[in-house]
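These notes are about the structure you will find just below.
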There are 2 protein chains.
Amino acid sequence: MSIVSIPAEIPAATRQSERLGELIEERIVTGVYPPGTRLDEQELADTFGVSRTPVREALIQLSSVGLIEIRPRRGATVPEIGADRVCEMFEVMAELEAMCGRLAARRITPGEQIALQEAHSACEAARDANTPDIYYQLNEVFHQRIYEASHNGFLVEQATALHRRLRPYRRLQLRVRNRMTTSFNEHQAIVDAITKGDGDLASALLRAHVTVQGERFADLVATLRDFKAGT
Amino acid sequence: MSIVSIPAEIPAATRQSERLGELIEERIVTGVYPPGTRLDEQELADTFGVSRTPVREALIQLSSVGLIEIRPRRGATVPEIGADRVCEMFEVMAELEAMCGRLAARRITPGEQIALQEAHSACEAARDANTPDIYYQLNEVFHQRIYEASHNGFLVEQATALHRRLRPYRRLQLRVRNRMTTSFNEHQAIVDAITKGDGDLASALLRAHVTVQGERFADLVATLRDFKAGT
DNA sequence: GGCGCATATCTTGTATACATAACGGTGATT
DNA sequence: AATCACCGTTATGTATACAAGATATGCGCC
(Lines give C-alpha, C1' and ligand atoms only; values in the text may rest on other atoms or scores of the structure.)
Protein backbone atom coordinates (compact mmCIF):
# COMPACT_ATOMS: atom_id res chain seq x y z
CA MET A 1 0.00 0.00 0.00
CA SER A 2 2.98 2.27 0.46
CA ILE A 3 4.30 3.40 -2.86
CA VAL A 4 7.63 4.76 -1.85
CA SER A 5 8.66 6.83 -4.81
CA ILE A 6 6.33 8.26 -7.35
CA PRO A 7 7.98 7.79 -10.78
CA ALA A 8 9.14 11.40 -10.82
CA GLU A 9 6.71 13.53 -12.76
CA ILE A 10 9.53 15.69 -14.05
CA PRO A 11 10.77 14.46 -17.41
CA ALA A 12 8.96 17.52 -18.77
CA ALA A 13 10.27 19.76 -21.48
CA THR A 14 12.20 17.38 -23.65
CA ARG A 15 10.99 19.43 -26.52
CA GLN A 16 13.39 22.12 -27.57
CA SER A 17 10.63 24.42 -28.69
CA GLU A 18 9.26 24.43 -25.18
CA ARG A 19 12.53 25.56 -23.64
CA LEU A 20 12.86 28.08 -26.42
CA GLY A 21 9.42 29.39 -25.64
CA GLU A 22 10.40 29.98 -22.05
CA LEU A 23 13.65 31.63 -23.04
CA ILE A 24 11.97 33.97 -25.48
CA GLU A 25 9.21 34.69 -22.99
CA GLU A 26 11.86 35.55 -20.45
CA ARG A 27 13.45 37.99 -22.86
CA ILE A 28 10.13 39.57 -23.63
CA VAL A 29 9.02 40.11 -20.06
CA THR A 30 12.44 41.30 -18.96
CA GLY A 31 12.48 43.85 -21.72
CA VAL A 32 15.29 42.40 -23.79
CA TYR A 33 12.78 42.30 -26.62
CA PRO A 34 10.76 45.42 -25.89
CA PRO A 35 7.29 45.96 -27.33
CA GLY A 36 7.36 46.58 -31.03
CA THR A 37 10.36 44.33 -31.59
CA ARG A 38 10.28 42.28 -34.72
CA LEU A 39 11.21 38.67 -34.02
CA ASP A 40 13.10 37.32 -36.99
CA GLU A 41 12.96 33.55 -37.09
CA GLN A 42 16.38 33.01 -38.57
CA GLU A 43 17.90 35.48 -36.18
CA LEU A 44 16.39 33.73 -33.17
CA ALA A 45 17.49 30.40 -34.57
CA ASP A 46 21.07 31.63 -34.82
CA THR A 47 20.90 33.19 -31.39
CA PHE A 48 19.87 29.95 -29.75
CA GLY A 49 21.85 27.72 -32.04
CA VAL A 50 18.95 25.74 -33.43
CA SER A 51 17.10 25.62 -36.70
CA ARG A 52 14.05 27.61 -37.61
CA THR A 53 11.63 24.77 -36.94
CA PRO A 54 11.70 24.79 -33.15
CA VAL A 55 11.79 28.56 -33.19
CA ARG A 56 8.61 28.68 -35.21
CA GLU A 57 6.94 26.25 -32.88
CA ALA A 58 7.94 28.32 -29.89
CA LEU A 59 6.63 31.47 -31.53
CA ILE A 60 3.31 29.85 -32.34
CA GLN A 61 2.95 28.76 -28.77
CA LEU A 62 3.75 32.22 -27.46
CA SER A 63 1.31 33.76 -29.88
CA SER A 64 -1.53 31.56 -28.75
CA VAL A 65 -0.85 32.61 -25.19
CA GLY A 66 -1.01 36.19 -26.33
CA LEU A 67 2.59 37.11 -25.66
CA ILE A 68 3.40 37.89 -29.26
CA GLU A 69 1.48 38.61 -32.41
CA ILE A 70 1.92 36.71 -35.63
CA ARG A 71 0.52 38.22 -38.76
CA PRO A 72 0.53 35.85 -41.71
CA ARG A 73 3.54 36.29 -43.93
CA ARG A 74 4.59 39.25 -41.87
CA GLY A 75 6.34 37.62 -39.01
CA ALA A 76 6.10 37.85 -35.27
CA THR A 77 6.29 41.00 -33.22
CA VAL A 78 6.14 41.81 -29.54
CA PRO A 79 2.86 43.69 -29.30
CA GLU A 80 2.77 47.20 -27.96
CA ILE A 81 0.61 46.21 -25.08
CA GLY A 82 -1.21 49.47 -24.68
CA ALA A 83 -1.44 50.42 -21.05
CA ASP A 84 -5.20 50.14 -21.31
CA ARG A 85 -4.90 46.50 -22.23
CA VAL A 86 -2.77 45.88 -19.17
CA CYS A 87 -5.37 47.61 -17.04
CA GLU A 88 -8.00 45.34 -18.51
CA MET A 89 -5.86 42.38 -17.57
CA PHE A 90 -5.53 43.63 -14.02
CA GLU A 91 -9.27 44.02 -13.90
CA VAL A 92 -9.74 40.38 -14.84
CA MET A 93 -6.95 39.31 -12.52
CA ALA A 94 -8.72 41.04 -9.66
CA GLU A 95 -11.84 39.09 -10.37
CA LEU A 96 -10.05 35.77 -10.66
CA GLU A 97 -8.31 36.36 -7.36
CA ALA A 98 -11.56 37.40 -5.76
CA MET A 99 -13.05 34.15 -6.94
CA CYS A 100 -10.12 32.20 -5.56
CA GLY A 101 -10.62 33.94 -2.25
CA ARG A 102 -14.31 33.23 -2.08
CA LEU A 103 -13.82 29.56 -2.84
CA ALA A 104 -10.82 29.30 -0.57
CA ALA A 105 -12.81 30.64 2.37
CA ARG A 106 -15.26 27.83 1.88
CA ARG A 107 -12.94 25.01 0.93
CA ILE A 108 -9.56 25.54 2.53
CA THR A 109 -8.26 22.55 4.47
CA PRO A 110 -6.46 22.77 7.80
CA GLY A 111 -3.20 21.87 6.08
CA GLU A 112 -3.68 24.60 3.54
CA GLN A 113 -4.50 27.06 6.28
CA ILE A 114 -1.14 26.33 7.83
CA ALA A 115 0.61 26.68 4.49
CA LEU A 116 -1.11 29.98 3.88
CA GLN A 117 -0.19 31.26 7.31
CA GLU A 118 3.41 30.23 6.74
CA ALA A 119 3.58 32.09 3.45
CA HIS A 120 2.06 35.08 5.18
CA SER A 121 4.59 34.99 8.02
CA ALA A 122 7.40 34.73 5.51
CA CYS A 123 6.14 37.91 3.91
CA GLU A 124 6.14 39.55 7.32
CA ALA A 125 9.76 38.65 7.79
CA ALA A 126 10.63 40.13 4.44
CA ARG A 127 8.75 43.26 5.31
CA ASP A 128 10.60 43.62 8.60
CA ALA A 129 13.89 43.03 6.86
CA ASN A 130 12.85 45.64 4.31
CA THR A 131 13.84 43.45 1.37
CA PRO A 132 11.40 44.23 -1.44
CA ASP A 133 12.81 41.71 -3.86
CA ILE A 134 12.32 38.89 -1.42
CA TYR A 135 8.93 40.19 -0.40
CA TYR A 136 7.99 40.18 -4.07
CA GLN A 137 8.87 36.51 -4.41
CA LEU A 138 7.13 35.49 -1.22
CA ASN A 139 4.12 37.50 -2.25
CA GLU A 140 3.81 35.26 -5.27
CA VAL A 141 3.85 32.19 -3.07
CA PHE A 142 1.20 33.72 -0.84
CA HIS A 143 -1.15 34.30 -3.74
CA GLN A 144 -0.42 30.89 -5.16
CA ARG A 145 -1.47 29.34 -1.87
CA ILE A 146 -4.79 31.06 -2.10
CA TYR A 147 -5.27 29.90 -5.67
CA GLU A 148 -4.68 26.33 -4.62
CA ALA A 149 -6.99 26.58 -1.65
CA SER A 150 -9.82 27.28 -4.09
CA HIS A 151 -9.73 23.58 -4.97
CA ASN A 152 -10.52 24.38 -8.56
CA GLY A 153 -7.67 23.13 -10.68
CA PHE A 154 -8.77 24.97 -13.78
CA LEU A 155 -9.03 28.21 -11.88
CA VAL A 156 -5.57 27.68 -10.45
CA GLU A 157 -4.20 27.30 -13.94
CA GLN A 158 -5.92 30.37 -15.26
CA ALA A 159 -4.99 32.53 -12.32
CA THR A 160 -1.41 31.37 -12.38
CA ALA A 161 -1.10 32.02 -16.11
CA LEU A 162 -2.48 35.52 -15.87
CA HIS A 163 -0.43 36.26 -12.79
CA ARG A 164 2.62 35.26 -14.78
CA ARG A 165 1.71 37.50 -17.66
CA LEU A 166 1.23 40.46 -15.38
CA ARG A 167 4.42 39.91 -13.51
CA PRO A 168 6.50 42.49 -15.38
CA TYR A 169 3.92 45.20 -14.77
CA ARG A 170 3.56 44.35 -11.13
CA ARG A 171 7.29 44.46 -10.81
CA LEU A 172 7.29 48.09 -11.82
CA GLN A 173 5.65 48.97 -8.53
CA LEU A 174 8.17 47.23 -6.37
CA ARG A 175 9.65 50.22 -4.66
CA VAL A 176 6.65 52.42 -4.34
CA ARG A 177 6.61 54.07 -0.96
CA ASN A 178 5.27 51.86 1.81
CA ARG A 179 4.15 49.32 -0.72
CA MET A 180 5.28 46.39 1.36
CA THR A 181 3.61 47.54 4.54
CA THR A 182 0.34 48.32 2.83
CA SER A 183 0.42 45.05 0.95
CA PHE A 184 1.16 43.08 4.07
CA ASN A 185 -1.69 44.68 5.99
CA GLU A 186 -4.04 43.79 3.18
CA HIS A 187 -2.73 40.25 3.24
CA GLN A 188 -3.44 40.08 6.93
CA ALA A 189 -7.06 41.01 6.43
CA ILE A 190 -7.38 38.50 3.62
CA VAL A 191 -5.97 35.69 5.71
CA ASP A 192 -8.35 36.55 8.51
CA ALA A 193 -11.34 36.56 6.20
CA ILE A 194 -10.43 33.22 4.69
CA THR A 195 -9.76 31.73 8.09
CA LYS A 196 -13.11 32.94 9.33
CA GLY A 197 -14.70 31.40 6.28
CA ASP A 198 -16.11 34.72 5.18
CA GLY A 199 -16.06 34.24 1.43
CA ASP A 200 -17.66 37.53 0.50
CA LEU A 201 -15.21 39.49 2.57
CA ALA A 202 -12.19 37.58 1.31
CA SER A 203 -13.44 38.08 -2.19
CA ALA A 204 -13.91 41.81 -1.77
CA LEU A 205 -10.54 42.28 -0.09
CA LEU A 206 -8.68 40.38 -2.75
CA ARG A 207 -10.44 42.24 -5.51
CA ALA A 208 -9.43 45.52 -3.96
CA HIS A 209 -5.90 44.31 -3.30
CA VAL A 210 -5.36 43.54 -6.96
CA THR A 211 -7.37 46.42 -8.33
CA VAL A 212 -5.09 48.76 -6.48
CA GLN A 213 -2.17 47.29 -8.35
CA GLY A 214 -3.89 48.01 -11.63
CA GLU A 215 -4.56 51.55 -10.57
CA ARG A 216 -1.01 52.04 -9.44
CA PHE A 217 0.09 50.84 -12.83
CA ALA A 218 -2.24 53.31 -14.51
CA ASP A 219 -0.85 56.10 -12.36
CA LEU A 220 2.64 55.10 -13.25
CA VAL A 221 1.86 55.15 -16.93
CA ALA A 222 0.21 58.54 -16.64
CA THR A 223 3.23 59.87 -14.81
CA LEU A 224 5.57 58.53 -17.44
CA ARG A 225 3.49 60.08 -20.16
CA ASP A 226 3.57 63.47 -18.50
CA PHE A 227 7.26 63.08 -18.00
CA LYS A 228 7.76 62.38 -21.67
CA ALA A 229 5.54 65.27 -22.66
CA GLY A 230 7.46 67.56 -20.35
CA THR A 231 10.72 66.66 -22.05
CA MET B 1 -8.02 63.74 -44.12
CA SER B 2 -10.68 61.32 -45.19
CA ILE B 3 -9.22 57.91 -45.71
CA VAL B 4 -11.94 56.28 -47.68
CA SER B 5 -11.20 52.61 -47.40
CA ILE B 6 -9.26 51.00 -44.65
CA PRO B 7 -7.03 48.34 -46.25
CA ALA B 8 -9.43 45.56 -45.32
CA GLU B 9 -8.36 44.01 -42.04
CA ILE B 10 -9.48 40.57 -43.17
CA PRO B 11 -6.67 38.75 -44.93
CA ALA B 12 -6.53 36.61 -41.78
CA ALA B 13 -5.62 32.97 -41.73
CA THR B 14 -3.33 32.68 -44.67
CA ARG B 15 -1.44 30.22 -42.59
CA GLN B 16 -2.38 26.66 -43.25
CA SER B 17 -1.68 25.59 -39.69
CA GLU B 18 -4.31 28.02 -38.48
CA ARG B 19 -7.00 26.55 -40.69
CA LEU B 20 -5.85 23.11 -39.69
CA GLY B 21 -6.14 24.06 -36.06
CA GLU B 22 -9.74 25.05 -36.55
CA LEU B 23 -10.50 21.89 -38.48
CA ILE B 24 -8.98 19.65 -35.85
CA GLU B 25 -10.66 21.61 -33.08
CA GLU B 26 -13.94 21.13 -34.88
CA ARG B 27 -13.40 17.40 -34.99
CA ILE B 28 -12.50 17.32 -31.34
CA VAL B 29 -15.48 19.24 -30.07
CA THR B 30 -17.89 17.43 -32.36
CA GLY B 31 -16.67 14.11 -31.10
CA VAL B 32 -15.04 12.87 -34.29
CA TYR B 33 -11.89 12.59 -32.22
CA PRO B 34 -13.31 11.56 -28.87
CA PRO B 35 -11.36 11.93 -25.63
CA GLY B 36 -8.48 9.54 -25.42
CA THR B 37 -7.86 9.59 -29.13
CA ARG B 38 -4.27 9.51 -30.16
CA LEU B 39 -3.55 12.11 -32.83
CA ASP B 40 -0.94 10.74 -35.18
CA GLU B 41 0.83 13.52 -37.02
CA GLN B 42 1.38 11.63 -40.25
CA GLU B 43 -2.16 10.39 -40.22
CA LEU B 44 -3.54 13.89 -39.81
CA ALA B 45 -1.19 15.12 -42.51
CA ASP B 46 -2.51 12.51 -44.92
CA THR B 47 -6.09 13.23 -43.93
CA PHE B 48 -5.78 16.91 -44.73
CA GLY B 49 -3.40 16.48 -47.62
CA VAL B 50 -0.53 18.48 -46.18
CA SER B 51 2.83 17.71 -44.70
CA ARG B 52 3.57 17.13 -41.05
CA THR B 53 4.93 20.61 -40.47
CA PRO B 54 1.65 22.52 -40.48
CA VAL B 55 0.01 19.70 -38.59
CA ARG B 56 2.58 19.97 -35.83
CA GLU B 57 2.11 23.70 -35.65
CA ALA B 58 -1.62 23.29 -35.39
CA LEU B 59 -1.24 20.70 -32.65
CA ILE B 60 1.07 22.93 -30.66
CA GLN B 61 -1.41 25.74 -30.88
CA LEU B 62 -4.26 23.51 -29.75
CA SER B 63 -2.18 22.21 -26.89
CA SER B 64 -1.41 25.66 -25.58
CA VAL B 65 -5.11 26.42 -25.56
CA GLY B 66 -5.64 23.26 -23.58
CA LEU B 67 -7.63 21.37 -26.17
CA ILE B 68 -5.12 18.59 -26.51
CA GLU B 69 -2.21 17.26 -24.51
CA ILE B 70 1.24 16.80 -25.94
CA ARG B 71 3.65 14.68 -24.00
CA PRO B 72 7.20 14.91 -25.25
CA ARG B 73 8.09 12.12 -27.63
CA ARG B 74 4.73 10.54 -27.01
CA GLY B 75 2.51 12.47 -29.30
CA ALA B 76 -0.72 14.33 -28.92
CA THR B 77 -3.90 12.98 -27.41
CA VAL B 78 -7.35 14.35 -26.80
CA PRO B 79 -7.49 14.51 -23.02
CA GLU B 80 -10.10 12.61 -21.09
CA ILE B 81 -11.52 15.74 -19.60
CA GLY B 82 -12.83 14.27 -16.36
CA ALA B 83 -16.31 15.50 -15.59
CA ASP B 84 -14.96 17.23 -12.50
CA ARG B 85 -12.65 19.29 -14.63
CA VAL B 86 -15.54 20.38 -16.79
CA CYS B 87 -17.43 21.39 -13.67
CA GLU B 88 -14.47 23.45 -12.60
CA MET B 89 -14.53 25.14 -15.97
CA PHE B 90 -18.21 25.92 -15.63
CA GLU B 91 -17.49 27.38 -12.22
CA VAL B 92 -14.94 29.74 -13.72
CA MET B 93 -17.17 30.50 -16.67
CA ALA B 94 -19.92 31.51 -14.28
CA GLU B 95 -17.61 33.96 -12.63
CA LEU B 96 -16.36 35.42 -15.89
CA GLU B 97 -19.90 35.92 -17.11
CA ALA B 98 -20.86 37.45 -13.80
CA MET B 99 -18.01 39.88 -14.21
CA CYS B 100 -19.09 40.71 -17.74
CA GLY B 101 -22.57 41.37 -16.44
CA ARG B 102 -21.40 43.64 -13.65
CA LEU B 103 -19.24 45.69 -15.96
CA ALA B 104 -21.85 45.72 -18.70
CA ALA B 105 -24.43 47.14 -16.32
CA ARG B 106 -22.10 50.04 -15.69
CA ARG B 107 -20.66 50.56 -19.14
CA ILE B 108 -23.13 49.47 -21.76
CA THR B 109 -23.81 52.06 -24.46
CA PRO B 110 -27.23 52.83 -25.93
CA GLY B 111 -26.24 51.11 -29.16
CA GLU B 112 -25.13 48.03 -27.30
CA GLN B 113 -28.36 48.03 -25.35
CA ILE B 114 -30.24 47.86 -28.61
CA ALA B 115 -28.03 45.09 -29.90
CA LEU B 116 -28.53 43.15 -26.68
CA GLN B 117 -32.27 43.59 -26.84
CA GLU B 118 -32.25 42.42 -30.47
CA ALA B 119 -30.34 39.28 -29.59
CA HIS B 120 -32.75 38.69 -26.76
CA SER B 121 -35.80 39.11 -29.00
CA ALA B 122 -34.28 36.72 -31.51
CA CYS B 123 -34.03 34.14 -28.74
CA GLU B 124 -37.65 34.73 -27.93
CA ALA B 125 -38.63 34.00 -31.51
CA ALA B 126 -36.64 30.77 -31.45
CA ARG B 127 -38.30 29.78 -28.19
CA ASP B 128 -41.76 30.42 -29.62
CA ALA B 129 -40.86 28.45 -32.72
CA ASN B 130 -39.59 25.70 -30.44
CA THR B 131 -36.35 25.32 -32.39
CA PRO B 132 -33.67 24.41 -29.87
CA ASP B 133 -30.84 24.35 -32.39
CA ILE B 134 -31.55 27.87 -33.46
CA TYR B 135 -32.11 28.98 -29.88
CA TYR B 136 -28.74 27.52 -29.05
CA GLN B 137 -27.02 29.60 -31.71
CA LEU B 138 -28.82 32.79 -30.80
CA ASN B 139 -28.06 32.17 -27.16
CA GLU B 140 -24.39 32.35 -28.04
CA VAL B 141 -24.92 35.70 -29.70
CA PHE B 142 -26.78 36.94 -26.66
CA HIS B 143 -23.96 36.08 -24.32
CA GLN B 144 -21.40 37.48 -26.70
CA ARG B 145 -23.24 40.80 -26.66
CA ILE B 146 -22.93 40.91 -22.91
CA TYR B 147 -19.26 40.13 -23.08
CA GLU B 148 -18.70 43.00 -25.46
CA ALA B 149 -20.74 45.40 -23.38
CA SER B 150 -18.22 44.90 -20.58
CA HIS B 151 -15.81 47.08 -22.57
CA ASN B 152 -12.91 45.00 -21.45
CA GLY B 153 -11.28 43.54 -24.52
CA PHE B 154 -9.19 41.08 -22.60
CA LEU B 155 -12.20 39.83 -20.70
CA VAL B 156 -14.09 39.41 -23.94
CA GLU B 157 -11.30 37.25 -25.30
CA GLN B 158 -11.09 35.10 -22.21
CA ALA B 159 -14.82 34.64 -21.89
CA THR B 160 -15.20 33.84 -25.56
CA ALA B 161 -12.42 31.30 -25.46
CA LEU B 162 -13.80 29.49 -22.45
CA HIS B 163 -17.32 29.62 -23.84
CA ARG B 164 -16.00 27.96 -26.94
CA ARG B 165 -14.28 25.25 -25.00
CA LEU B 166 -17.40 24.49 -23.05
CA ARG B 167 -19.62 24.42 -26.08
CA PRO B 168 -19.73 20.65 -26.49
CA TYR B 169 -20.78 20.15 -22.88
CA ARG B 170 -23.42 22.82 -23.05
CA ARG B 171 -24.72 21.22 -26.18
CA LEU B 172 -25.49 18.05 -24.27
CA GLN B 173 -28.25 19.85 -22.41
CA LEU B 174 -29.97 21.13 -25.49
CA ARG B 175 -33.14 19.17 -25.22
CA VAL B 176 -33.62 19.08 -21.52
CA ARG B 177 -37.24 19.67 -20.65
CA ASN B 178 -38.25 23.31 -20.68
CA ARG B 179 -34.66 24.35 -21.05
CA MET B 180 -35.42 27.04 -23.56
CA THR B 181 -38.22 28.60 -21.57
CA THR B 182 -36.24 28.63 -18.35
CA SER B 183 -33.19 29.99 -20.10
CA PHE B 184 -35.16 32.72 -21.79
CA ASN B 185 -36.77 33.83 -18.56
CA GLU B 186 -33.36 34.07 -16.96
CA HIS B 187 -32.16 36.09 -19.93
CA GLN B 188 -35.04 38.47 -19.45
CA ALA B 189 -34.09 39.14 -15.87
CA ILE B 190 -30.48 39.64 -16.88
CA VAL B 191 -31.37 42.14 -19.57
CA ASP B 192 -33.51 44.04 -17.12
CA ALA B 193 -30.76 44.17 -14.54
CA ILE B 194 -28.21 45.41 -17.04
CA THR B 195 -30.62 47.97 -18.41
CA LYS B 196 -31.34 49.23 -14.94
CA GLY B 197 -27.63 49.48 -14.36
CA ASP B 198 -27.80 47.12 -11.42
CA GLY B 199 -24.40 45.50 -11.68
CA ASP B 200 -24.65 43.36 -8.59
CA LEU B 201 -27.94 41.89 -9.67
CA ALA B 202 -26.81 41.27 -13.24
CA SER B 203 -23.72 39.65 -11.87
CA ALA B 204 -25.62 37.37 -9.54
CA LEU B 205 -28.15 36.40 -12.17
CA LEU B 206 -25.52 35.55 -14.73
CA ARG B 207 -23.52 33.57 -12.23
CA ALA B 208 -26.58 31.52 -11.40
CA HIS B 209 -27.53 31.17 -15.05
CA VAL B 210 -24.22 29.59 -15.88
CA THR B 211 -23.79 27.68 -12.65
CA VAL B 212 -27.05 25.91 -13.39
CA GLN B 213 -25.54 24.69 -16.64
CA GLY B 214 -22.62 23.25 -14.76
CA GLU B 215 -24.93 21.52 -12.35
CA ARG B 216 -27.04 20.16 -15.14
CA PHE B 217 -23.92 18.79 -16.67
CA ALA B 218 -22.96 17.17 -13.39
CA ASP B 219 -26.41 15.64 -13.11
CA LEU B 220 -26.14 14.31 -16.61
CA VAL B 221 -22.81 12.72 -15.88
CA ALA B 222 -24.13 11.16 -12.70
CA THR B 223 -27.10 9.79 -14.59
CA LEU B 224 -24.90 8.33 -17.25
CA ARG B 225 -22.70 6.73 -14.65
CA ASP B 226 -25.66 5.13 -12.92
CA PHE B 227 -26.91 3.98 -16.28
CA LYS B 228 -23.58 2.37 -17.03
CA ALA B 229 -23.43 0.77 -13.61
CA GLY B 230 -26.94 -0.56 -14.05
CA THR B 231 -26.00 -2.26 -17.29
C1' DG C 1 5.34 -21.59 -19.68
C1' DG C 2 6.44 -16.97 -17.91
C1' DC C 3 9.68 -13.20 -17.59
C1' DG C 4 13.38 -10.19 -19.05
C1' DC C 5 16.25 -8.32 -22.44
C1' DA C 6 17.81 -7.08 -27.06
C1' DT C 7 16.50 -5.59 -31.37
C1' DA C 8 13.27 -3.75 -34.96
C1' DT C 9 10.09 -0.53 -36.19
C1' DC C 10 7.53 3.35 -35.84
C1' DT C 11 6.75 8.12 -34.37
C1' DT C 12 8.24 12.26 -32.81
C1' DG C 13 11.69 16.12 -32.93
C1' DT C 14 14.98 18.78 -35.67
C1' DA C 15 17.38 20.29 -39.71
C1' DT C 16 17.50 21.56 -44.40
C1' DA C 17 15.64 22.61 -48.94
C1' DC C 18 12.28 24.63 -51.76
C1' DA C 19 8.01 27.73 -52.95
C1' DT C 20 5.88 31.96 -52.49
C1' DA C 21 4.27 36.25 -50.79
C1' DA C 22 5.78 40.79 -48.88
C1' DC C 23 9.15 44.67 -48.86
C1' DG C 24 12.40 47.84 -51.10
C1' DG C 25 14.59 49.93 -54.86
C1' DT C 26 15.10 51.50 -59.44
C1' DG C 27 13.45 53.16 -63.53
C1' DA C 28 10.08 54.91 -66.78
C1' DT C 29 6.09 57.65 -67.59
C1' DT C 30 2.87 61.49 -66.92
C1' DA D 1 9.12 66.11 -59.65
C1' DA D 2 5.93 62.70 -58.23
C1' DT D 3 3.74 58.34 -59.01
C1' DC D 4 3.39 53.84 -60.50
C1' DA D 5 5.06 49.57 -62.16
C1' DC D 6 8.37 46.08 -62.38
C1' DC D 7 11.93 43.38 -60.54
C1' DG D 8 15.21 41.69 -57.01
C1' DT D 9 15.75 40.56 -52.34
C1' DT D 10 14.37 38.79 -48.07
C1' DA D 11 11.70 36.30 -44.85
C1' DT D 12 7.84 33.34 -44.09
C1' DG D 13 5.30 28.97 -45.04
C1' DT D 14 5.56 24.18 -46.46
C1' DA D 15 7.68 19.90 -47.73
C1' DT D 16 11.11 16.52 -47.21
C1' DA D 17 15.09 14.27 -45.11
C1' DC D 18 17.49 12.80 -41.15
C1' DA D 19 18.24 11.75 -35.95
C1' DA D 20 16.78 9.84 -31.85
C1' DG D 21 13.65 8.20 -28.38
C1' DA D 22 9.63 5.12 -27.39
C1' DT D 23 6.94 1.15 -28.19
C1' DA D 24 6.44 -3.48 -29.78
C1' DT D 25 8.14 -7.92 -31.05
C1' DG D 26 10.81 -12.00 -30.72
C1' DC D 27 14.29 -14.56 -28.67
C1' DG D 28 16.76 -16.56 -24.90
C1' DC D 29 16.75 -17.72 -20.17
C1' DC D 30 14.96 -19.09 -15.79
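The values are calculated or read from the model by the stated rules, or taken from the named source; none is laboratory data. Bear in mind the structure is a predicted one, so any value in this text is a computation, not a measurement. Neighbour counts run over all protein chains shown; Cβ positions are idealised from the backbone, glycine included.
Which residue, of B:Ser51, B:Ser17, B:Ser5, is within 12 Å of DNA strand D (Cβ to nearest atom) and modelled with pLDDT under 90? None of the other options fit; the residue is B:Ser17.
How many residues does segment A:187-231 contain that are surrounded by 19 or more Cβ atoms within 10 Å (Cβ to Cβ) and without any contact (Cβ under 8 Å) to a residue 24 or more places away in the chain?
Applying the first criterion (surrounded by 19 or more Cβ atoms within 10 Å (Cβ to Cβ)) to segment A:187-231 yields A:187, A:190-191, A:193-194, A:199, A:202-203, A:205-207, A:209-210, A:213-214, A:217.
In the following step, the residues that additionally are without any contact (Cβ under 8 Å) to a residue 24 or more places away in the chain were identified as none.
Final tally of qualifying residues: 0.
Residues of segment A:16-49 that are assigned to a loop (DSSP other than H, G, I, E, B) and more than 10 Å from DNA strand C (Cβ to nearest atom): A:Thr30, A:Gly31, A:Val32, A:Tyr33, A:Pro34, A:Pro35, A:Gly36, A:Thr37, A:Asp40. Which residues, taken from segment B:87-143, are among the acidic types (Asp, Glu) and over 18 Å from the mean Cα position of the chain (by Cα)? Those that are among the acidic types (Asp, Glu) and over 18 Å from the mean Cα position of the chain (by Cα): B:Glu112, B:Glu118, B:Glu124, B:Asp128. Within segment A:30-61, the set of residues being more than 24 Å from B:Leu62 (Cβ to Cβ) and under 19 Å from the mean Cα position of the chain (by Cα) comprises A:Thr30, A:Gly31, A:Val32, A:Tyr33, A:Pro34, A:Pro35. Exactly one residue among A:Pro72, A:Pro79 is within 16 Å of DNA strand D (Cβ to nearest atom), more than 9 Å from chain B (Cβ to nearest Cβ) and touching a helix residue (DSSP H, G or I) at 6+ places or on another chain (Cβ under 9 Å), and that residue is A:Pro79. In the set (1) surrounded by fewer than 16 Cβ atoms within 10 Å (Cβ to Cβ); (2) more than 13 Å from chain B (Cβ to nearest Cβ); (3) under 30 Å from A:Pro35 (Cα atoms), the condition left unmet by A:His143 is number (1). With respect to (1) within 16 Å of DNA strand C (Cβ to nearest atom); (2) under 21 Å from the mean Cα position of the chain (by Cα); (3) over 24 Å from B:Gly214 (Cα atoms), the lone exception for B:Glu69 is condition (3).
To keep it simple, each residue is scored yes or no on (1) modelled with pLDDT of 95 or more; (2) near DNA strand D (Cβ under 9 Å from one of its atoms); (3) outside the structural domain of B:Leu224 (by TED's automatic domain parsing).
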{"residue": "B:Gly31", "(1), (2), (3)": "no, no, yes"}
{"residue": "B:Gln42", "(1), (2), (3)": "yes, no, yes"}
{"residue": "B:Val55", "(1), (2), (3)": "yes, yes, yes"}
{"residue": "B:Gln61", "(1), (2), (3)": "yes, no, yes"}
{"residue": "B:Ser64", "(1), (2), (3)": "no, no, yes"}
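The set of residues from segment B:50-66 being more than 11 Å from DNA strand C (Cβ to nearest atom), small (Gly, Ala, Ser) and not in a loop (DSSP other than H, G, I, E, B) comprises B:Ala58, B:Ser64. The number of residues in segment B:45-67 that are crowded, with 22+ Cβ neighbours inside 10 Å and more than 8 Å from every other protein chain (Cβ to nearest Cβ) comes to 4.
For beta carbons closer than 9 Å, sequence separation of 6+ or different chains, a first residue in segment B:15-44 that is more than 14 Å from chain A (Cβ to nearest Cβ) and over 29 Å from A:Arg71 (Cβ atoms) and a second that is assigned to a helix (DSSP H, G or I) and at pLDDT below 95, the qualifying pairs are B:Thr30/B:Pro168; B:Gly31/B:Pro168; B:Val32/B:Glu26; B:Tyr33/B:Arg27; B:Pro34/B:Ile28; B:Pro35/B:Ile28; B:Thr37/B:Ile28. Annotation: B:Glu112 fulfils all but one of (1) away from DNA strand C (no atom under 13 Å from the Cβ); (2) charged (D, E, K, R); (3) closer than 20 Å to B:Pro168 by Cα; (4) away from chain A (no Cβ under 13 Å); the unmet one is (3). Among the residues of segment B:157-170, not a single one is at pLDDT below 95, in contact with a Leu (Cβ under 9 Å, 6 or more places away or on another chain), away from chain A (no Cβ under 14 Å) and buried (at least 19 other Cβ atoms within 10 Å of the Cβ). The residues on offer are A:His163, A:His143, A:His151, and the sole one that is assigned by TED's automatic domain parsing to the domain that holds A:Leu96, of a type outside the set (Gly, Ala, Ser) and outside any helix (DSSP H, G or I) is A:His151.
Among residues of segment A:54-76 that are among the basic types (Lys, Arg), those with a Cβ under 9 angstrom from a residue that is more than 10 Å from DNA strand D (Cβ to nearest atom), sequence gap 6+ or separate chain, pair up as A:Arg56/A:Ser17; A:Arg71/B:Pro11; A:Arg73/B:Pro11.
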